[in-house]
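The values are calculated or read from the model by the stated rules, or taken from the named source; none is laboratory data. Everything numeric here is computed off the predicted structure, so don't read it as measured data. Because the Cβ atoms are built from the backbone with ideal geometry, glycine has one as well, and the counts that use them run over all protein chains shown. To get the accessible areas, we keep the full protein, side chains included, count just its heavy atoms, and leave off ligands, DNA and RNA. Shrake-Rupley method; radii C 1.70, N 1.55, O 1.52, S 1.80 Å.
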Amino acid sequence: MQMKKNLVTAFLMTLVTTVLLGVLFPLAITGLAQVLFPRQANGELITRNGKLIGSSLIGQQFSSPRHFHSRPSSAGAGYDAGNSGGSNLGPTNASLVARVQGDTKRLQAENPSAAVPMDLLTSSGSGLDPHISPEAAEFQVARIAKQRGMSEDSVRKLVRSHTEFRQFAFLGEPRVNVLELNLGLDQACSVRVDCELPPQK
Amino acid sequence: MTANGWLQILFLLLAVFAVTRPLGSYIARVFSRERTWMDLIMRPVERALYRLTGVDEIHEMEWKEYALAVILFSGVSMLLLYLLERVQHWAWLPWNPQKLPAVAPALAFNTAASFTTNTNWQSYTPETTMSYLTQMAGLAYHNWISAAAGIALAIAFIRGISRREQKAIGNFWVDLVRGTLWILAPLCLIGALLLVSQGVVQNLRPYDTAELVDPYQTPTLGPDGKPANGTDGKPMMQTIRQQVIAQGPVASQEIIKELGTNGGGFFNANSAHPFENPTPFTNFLEMFAILAIPSALTYTLGKMTGSQRHGWAVWGAMAFLFLAGVTTAYWAEARGNPLLTSAAMHGPGFSGGQTNTGNMEGKEVRFGVANSALFATVTTDTSCGAVNSMHDSFTPLGGMVPLINLMLGEVIFGGVGAGMYGMLVFVILSVFIAGLMVGRTPEYLGKKIEAYDVKMAMLVILIFPLVILVFTAISVLHPFGTSAMANPGPHGFTEVLYAFTSATANNGSGFNGLSANTPWYNTSLAISMLLGRFMMVLPVLAIAGNLVRKKQVPATLGTFPVTGPLFTALLIGVVLIVGALTFFPALSLGPILEHLLMRAGKTF
């Protein structure tokens with residue numbers, strides 16, 4: 001059976017392969033990634049006026065009525081990108097049903113003319129979903145236009161320019177990046193007279 | 001369900017089918033030590049490795065020595081992982097920018113067992129628990145070697161079938177090294193860079209802090225996780241102005257996590273996290289990486305045993321069960337949750353306040369219902385356990401599909417290696433049953449299947465439900481078990497059942513509402529994982545060691561053919577009957593009951 005010989009090999013193999021696969025490989029990939037794809041490898045960070053304001057891949061909470069709102073989030077206190085996760089509420093959990101009922105009523109009051117899109121009522125698996133569906137953006141267009149004194153059509157145009165379609169025309173689902181859309185909205189407003197700047201907090 | 005959803009599902013299956021032959025035949029060449037184009041780079045590395053570790057590459061092992069090598073290697077590397085977790089806070093160790101403290105003993109033991117056994121069950125939140133060093137040199141490292149060990153075991157079993165009147169089934173160290181260098185390494189290099197190009201992060205920087213565009217108010221949470229009240233009795237509010245963004249060497253771990261069917265996320269949200277799985281293309285790539293090697297191994301089986309049609313017959317059974325699972329999950333999730341959609345719950349006069357686009361709780365918009373149901377099926381058909389949506393929030397029947405996939409022993413494509421030898425146990429059982437029906441000694445590819453082989457196969461089949469059901473029963477009867485359930489009603493039972501099934505099947509996905517970071521669950525799940533890995537490996541290697549001695553008997557008219565649709569159908573039947581009947585009572589207490597109650601409008 002050669003117990004001793006195999007035990008020695010097990011020790012040496014663990015050490016050598018740890019260095020090779022556990023240290024050298026990730027370092028090599030890090031080096032290559034930083035050279036070939038520096039933006040992607042560091043999280044596609046967005047800065048405004050020299051300040052880091054987020055990542056285009058990570059969703060944020062928006063509560064002002066002048067911004068498009070993201071989906072509900074269960075990551076930490078909401079969109080906590082240091083503590084990702086879903087609600088893990090089961091389908092028959094009364095608190096899930098109560099939450100959805102409450103949100104439905106609130107959103108229904110906000111826009112009585114349309115049905116509430118399902119993704120605005122459900123929290124994502126990561127709690128960091130950067131997207132909403134195009135229907136969920138359309139649902140909020142009237143509110144944004146009213147709050148910002150813009151025409152619905154110009155808001156809609158902005159939404160369309162921030163809508164991503166299926167990758168290679170068939171993979172995934174159409175979606176709108178909420179943070180990028182809101183940044184576009186703030187920028188569009190700052191050059192328009194009929195649109196006040198967002199109130200300072 | 002949409003046409004586009006089905007297109008994506010069938011495209012994945014087609015891509016997996018297309019890679020089966022080239023990759024499978026390459027794997028066979030690697031383990032038969034034939035020349036390949038990779039020799040130029042890898043042969044010198046291989047030689048150096050053997051010199052450094054004292055491996056005699058000519059030496060061949062009998063099954064007992066092979067098993068001993070597997071267990072020694074697992075034991076030593078598990079110990080090292082445990083130590084690394086316990087000392088990750090030492091100041092002189094590199095790559096701990098968040099200054100994370102040492103991992104607690106029970107959790108460190110659970111995690112070490114979890115990653116050594118290719119389970120990757122996670123009782124912890126990685127971004128707040130594990131340093132970059134632990135993730136790279138501890139967790140990702142085990143992703144590599146537990147996968148390579150799995151492939152080695154499958155190849156050893158195949159040698160047991162294909163070799164005649166011999167004793168040895170190969171050299172574990174050689175199989176381990178060749179699997180790593182020739183198969184995993186080149187695929188991981190390409191895959192990792194593809195992932196980075198899409199936005200999977202790869203860096204060693206500290207977490208970033210972003211200033212929020214729109215700061216917001218939220219209730220302050222007390223130590224119990226519930227909103228806390230101030231001295232005036234009103235809920236205390238806090239203003240969130242910043243967002244901490246966790247970073248890390250993700251891509252290099254992400255690719256081996258999928259390719260090695262490991263499934264341990266760099267982040268808590270696993271492949272739902274945008275930094276692990278940012279685009280629909282990365283989602284496709286990850287599912288493809290999960291299925292590629294397990295699927296290819298069916299071709300390797302055919303090639304090494306000289307019966308290519310048998311390899312395809314096994315593949316056919318896997319593909320059929322895969323489609324059956326994904327169809328059910330996709331249907332259930334697309335149908336949605338009637339408790340959320342029924343206008344009735346809003347009282348009379350309510351004009352239907354939502355559109356039903358399926359059950360989106362716990363799912364990402366970029367993947368939608370189709371890709372979430374597909375990913376859940378893929379990850380549990382194999383022993384992967386990565387998730388891109390939260391299984392706990394699936395509809396009862398949608399969540400039952402991953403659970404059943406695990407209960408069938410993950411033989412539908414299966415883990416790298418583990419799925420192959422699991423399926424071969426079912427194959428042995430199938431030819432045994434067929435042999436009983438025609439009244440002859442069963443044969444499998446020219447080898448007589450005798451009492452010893454069937455006994456060992458039955459051990460594999462029986463130990464599995466024994467571990468799951470006993471631990472589940474103990475957990476649901478005691479407060480230390482039930483207090484961890486996040487969801488009341490039958491769903492809570494399903495959470496516990498899923499946890500032990502996932503651990504014993506070495507999958508690692510979970511109904512993650514279960515607060516499993518307790519002494520009871522950390523210990524019992526770790527034991528389940530170890531039993532699930534090594535109590536399977538030993539009988540499987542014993543069968544291989546027994547088969548390899550036997551001589552070839554020529555096929556006669558009475559031999560039951562292990563090729564063609566008849567065999568495929570029999571194999572599907574055996575997998576379903578053994579798996580489903582064993583667990584049907586437990587399933588009816590969990591997801592089936594919950595489904596009926598949900599249709600009746602009951603909440604808990």
Amide H within-cut-off set for B:TYR216, under 5 Å, with H built and near neighbours excluded: B:ILE240
Contact order normalised by residue count of chain B, Cα under 8 Å, 6+ apart, percent: 20
25 °C / 0.890 mPa s Stokes-Einstein diffusion coefficient of chain B, Kirkwood radius on C-alpha pairs, µm²/s: 98
Part-to-part distance (alpha-carbon centres) for segment B:225-274 and segment A:57-118, which is given in Å: 17
Lys/Arg +1, Asp/Glu -1 at C-beta; the protein assembly as shown dipole; positive extreme among B:LEU10, B:CYS188, B:MET42: B:MET42
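Ignoring any ligand, DNA or RNA, what whole percent of the accessible area of the protein assembly as shown comes from carbon and sulfur when the probe is 1.4 angstrom? Please list the in-between numbers first.
Numbers: 18420 of 28230 Å².
With neighbouring chains kept in place, the figure for the protein assembly as shown is 65 percent.
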Candidate lysines - alpha carbon under 30 Å from B:LYS363, same-chain residues fewer than 8 apart omitted: A:LYS105, A:LYS157, B:LYS226, B:LYS257, B:LYS602
Most to least packed among A:126-136, A:151-161 [average Cβ atoms within 10 Å]: A:126-136, A:151-161
Amide H partners (placed H, <5 Å) of A:SER84, local residues excluded: B:ASN268, B:ALA269
15 Å cut-off, amide nitrogen to a point 7 angstrom out along B:THR220 Cα→Cβ, residues in segment B:228-262: B:228-241
Heavy atoms of A:LEU107: accessible area, 1.4 Å probe, square angstrom to 10: 10
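Rank these by accessible area, largest first, 1.4 Å probe: B:LEU23, B:LEU596. Can you show the working numbers first?
On the way: B:LEU23 25, B:LEU596 105 Å².
Order by accessible area, largest first: B:LEU596, B:LEU23.
What Kirkwood hydrodynamic radius do you get for the protein assembly as shown when you take the inverse of the mean 1/r over all pairs of distinct Cα atoms, in Å? If you can, show how the numbers build up before the last one.
On the way: mean 1/r = 0.0369 Å⁻¹.
Computed over Cα pairs of the protein assembly as shown, the Kirkwood hydrodynamic radius comes out at 27.1 Å.
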0 to 90° range, to nearest 10: angle between helix A:134-148 axis and chain A longest Cα axis: 50
Loss of accessible area when A meets B, both sides summed, Å² nearest 100, probe 1.4 Å: 9200
Helix-only [θ]222 nm of chain A, DSSP H runs n ≥ 4, -39500 (n - 2.57) each, per residue, nearest 500: -13500 deg cm²/dmol
Dipole magnitude (debye, nearest 20) for segment B:71-222, charges at Cβ of Lys, Arg, Asp, Glu: 780
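With a/c under 1.5 counting as rounded, go ahead and sort segment B:516-604 into rounded, prolate or oblate using the C-alpha gyration tensor (a ≥ b ≥ c being the square roots of the eigenvalues; past the cut-off, prolate if a/b is larger than b/c, else oblate). Please report the intermediate quantities before stating the final value.
Numbers: a/c = 5.51, a/b = 1.54, b/c = 3.59.
Oblate is the answer for segment B:516-604, as a/c is 1.5 or above yet b/c matches or exceeds a/b.
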B:LEU52-B:THR556 FRET efficiency (beta carbon distance; Förster radius 60 Å; 0.05 resolution): 0.70
Cβ charges +1 (Lys, Arg) and -1 (Asp, Glu), total dipole of segment A:44-191, debye: 340
Set of lysines near B:LYS64 by C-alpha distance (under 29 Å), chain-local residues within fewer than 8 positions excluded: A:LYS4, A:LYS5, B:LYS167, B:LYS303, B:LYS447, B:LYS448, B:LYS455, B:LYS550, B:LYS551
Under 17 Å from the Cα of A:LYS146 - aspartates and glutamates, other chains or at least 8 residues apart: A:GLU110, A:GLU138, A:ASP186, A:ASP194, A:GLU196
Threshold 10 Å², segment B:243-261 residues less accessible with all protein chains present than alone (1.4 Å probe): B:GLN243, B:VAL244, B:ILE245, B:ALA246, B:GLN247, B:SER252
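Where the only charges are on Cβ atoms (+1 Lys, Arg; -1 Asp, Glu), what is the dipole of the protein assembly as shown about its Cα centre, to the nearest 20 debye? Don't jump to the answer; show the numbers that get you there.
Working: 55 positive and 48 negative charges, 278 e Å.
Approximately 1340 debye in magnitude.
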Per residue solvent-accessible surface (Å²) - chain B, probe of 1.4 Å: 33
Helix axis angle, B:63-87 relative to chain B longest principal axis, alpha carbon, degrees: 20
Whether segment A:1-157 is rounded, prolate or oblate, judged on the alpha carbon gyration tensor where a/c under 1.5 counts as rounded: oblate
Rounded to the nearest 10 Å², the accessible area of B:PHE560 at probe 1.4 Å: 40
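Just tell me how shielded B:68-76 is by partners: mean number of partner chain Cβ atoms within 10 Å of each residue's Cβ, no decimals. Intermediate values should be presented prior to the final figure.
Working: counts 6, 8, 2, 2, 9, 8, 2, 3, 8.
Taking the mean over all residues of the peptide, I get 5.
I need the per residue convex hull volume for segment B:225-269, using only the alpha carbons, in cubic angstrom as a whole number.
On the way: hull volume 4.2 nm³, N = 45.
Looking at segment B:225-269, the number lands at 94 Å³ per residue.
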Degrees between helix B:564-587 axis and first principal axis of chain B (Cα, 0 to 90, nearest 10): 40
Sum of -39500 (n - 2.57) over DSSP H runs of 4+, divided by residues of chain B (222 nm, nearest 500): -19000 deg cm²/dmol
Sequence of B:ASP232, A:ASP103 when ordered by accessible area, the most exposed leading, probe 1.4 angstrom: B:ASP232, A:ASP103
